[in-house]
Amino acid sequence: MHSPSAGRQADTFPVTDDRSALDAVARRLTCPHCGAAPLQRDARSLRCPRGHSFDIARQGYVSLLSGRRRHRGDDAAMVAAREAVLGGGHYQPLRSTITALVAEHSPPTTRLVVDLAGGTGHYLSPILDALPASWGLTVDLSAAALRRASRTHRLAAAVAADVWEPLPLAGRTAGVVLSVFGPRNTTEIDRILTADGIVTLATAGPEHLWELRDRLGMIGVDPRKADRLRRAFAGFSPIAGETVRWRLAVKHDEARALVAMGPGAHHLDLGQRDQAIDALPGLTGITAEIDVAVLRRHR
């Protein structure tokens with residue numbers, strides 16, 4: 001449930017005051033139980049107007065889960081693997097491209113950037129540097145990721161929520177929505193975007209990590225993916241896009257992290273994985289190919 005009036009609030013919260021990101025973003029959060037808004041900070045919790053309370057974790061994020069969820073989120077091992085790969089700069093070409101496209105096409109009135117299934121906030125952080133008049137919000141299911149996301153940038157807050165369920169956000173409140181390798185609930189994306197807001201998608205291209213996929217028998221990219229995305233976002237028009245392609249130079253431990261950071265890792269035999277990776281040269285070239293698209297509603 002979401003309060004109808006919540007979607008009509010003026011999006012005018014400044015970033016020049018001394019509030020924390022969570023304090024500021026709370027004005028755009030809704031109660032996952034009753035839909036009431038806004039949430040207010042009360043010592044170590046957020047509280048809705050009808051009295052529902054949500055504890056703020058020691059690391060700074062807050063869980064707004066309604067009790068229903070399809071998945072458990074990434075575990076600590078997957079998050080650590082992703083941190084190793086991203087922290088090593090291996091995906092910097094993608095990060096830079098996403099930041100540039102958002103900075104070039106975001107509405108000038110953007111005050112909130114929402115990163116859905118945003119993990120540790122790796123892609124959100126440089127966008128907030130580029131849009132210093134905006135706050136950021138990472139939405140994810142993984143406590144291990146949110147512990148990092150809540151501290152990744154002074155303008156970024158983090159909440160636990162299932163992106164497949166109604167999001168605990170007021171309508172028409174996000175000038176930018178990011179979806180980088182994550183699930184895409186188009187109904188909720190459409191609801192939370194401002195009238196002139198943009199959604200930025202990053203999805204694996206057909207040759208992404210093909211060298212590892214071939215060796216390990218991992219599931220490839222669905223050739224119908226582009227058609228499925230077009231149908232899912234039928235109410236949107238592409239306004240910018242780019243295929244980012246580069247070569248990763250990885251050692252064995254980095255190759256293991258590349259495999260372990262994705263959902264396909266759960267379906268692999270660890271012994272066979274290690275044997276296949278150990279058979280690689282000491283430094284191996286791996287293809288990275290990501291499709292990035294910026295969409296806006298039809299006008």
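Determine the distance separating the Cα centre of region 145-161 from the Cα centre of region 35-80; give it in Å without decimals. So the separation of the two Cα centres works out to 11 Å. A simple charge model with +1 on the Cβ of Lys and Arg, -1 on the Cβ of Asp and Glu and nothing else charged puts the dipole of region 77-206 at about 300 debye relative to its Cα centre. Derived value for the chain: Kirkwood hydrodynamic radius 19.8 Å. Basis is the mean of 1/r over every pair of different alpha-carbon atoms.
Rank by packing, highest mean first: peptides 229-238, 146-155, with packing defined as the count of other Cβ atoms within 10 Å averaged across residues. Spell out each step's value before the answer.
On the way: 229-238: 13.7, 146-155: 21.0.
So the order, starting with the most tightly packed, is 146-155, 229-238.
Placing +1 on each Lys and Arg Cβ and -1 on each Asp and Glu Cβ, with no other charges, gives the chain a dipole about its Cα centre of roughly 860 debye. Structural descriptor for region 16-172: relative contact order 27 percent, calculated from alpha carbon pairs under 8 angstrom and at least 6 residues apart.
Per the helix-only calculation at 222 nm, which mean residue ellipticity applies to the chain, given -39500 (n - 2.57) for every DSSP H run of n ≥ 4 and division by its residues, nearest 500 deg cm²/dmol?
On the way: 10 runs with 85 residues, N = 299.
It lands at -8000 deg cm²/dmol.
Normalising the average separation of contacting C-alpha pairs (under 8 angstrom, six or more residues apart) by the number of residues puts the relative contact order of region 28-107 at 15 percent. Candidates ALA117, GLN40, GLY282 compared by Cα position along the dipole of the chain: farthest toward the positive end lies GLN40, with charges placed on Cβ.
The order of the peptides 273-286, 80-93, 46-59, 22-35 by mean Cβ neighbours within 10 Å, most packed first, is 22-35, 80-93, 46-59, 273-286. Look at the alpha carbon pairs under 8 Å that are at least 6 residues apart: their mean separation over the length of the chain gives a relative contact order of 19 percent.
For ARG297, the residues 5 or more places off, or on other chains, whose built amide H falls under 5 Å of its own are SER237.
One Cα centroid belongs to region 195-245, the other to region 102-144; the line between them spans 20 Å.
Taking 1.306 mPa s as the viscosity and 10 °C as the temperature, the Stokes-Einstein diffusion coefficient of region 87-195 based on its alpha-carbon Kirkwood radius rounds to 115 µm²/s. Ordering 164-172, 114-122, 291-299 by mean Cβ neighbour count within 10 Å, with the highest value first, yields 114-122, 164-172, 291-299.
Each reported figure results from applying straightforward, stated rules to the coordinates on display, with no laboratory input. Values in this document were obtained by computation on a predicted structure and should not be read as measured data. We place every Cβ from the backbone using ideal geometry, glycine too, and count neighbours over all the protein chains shown.
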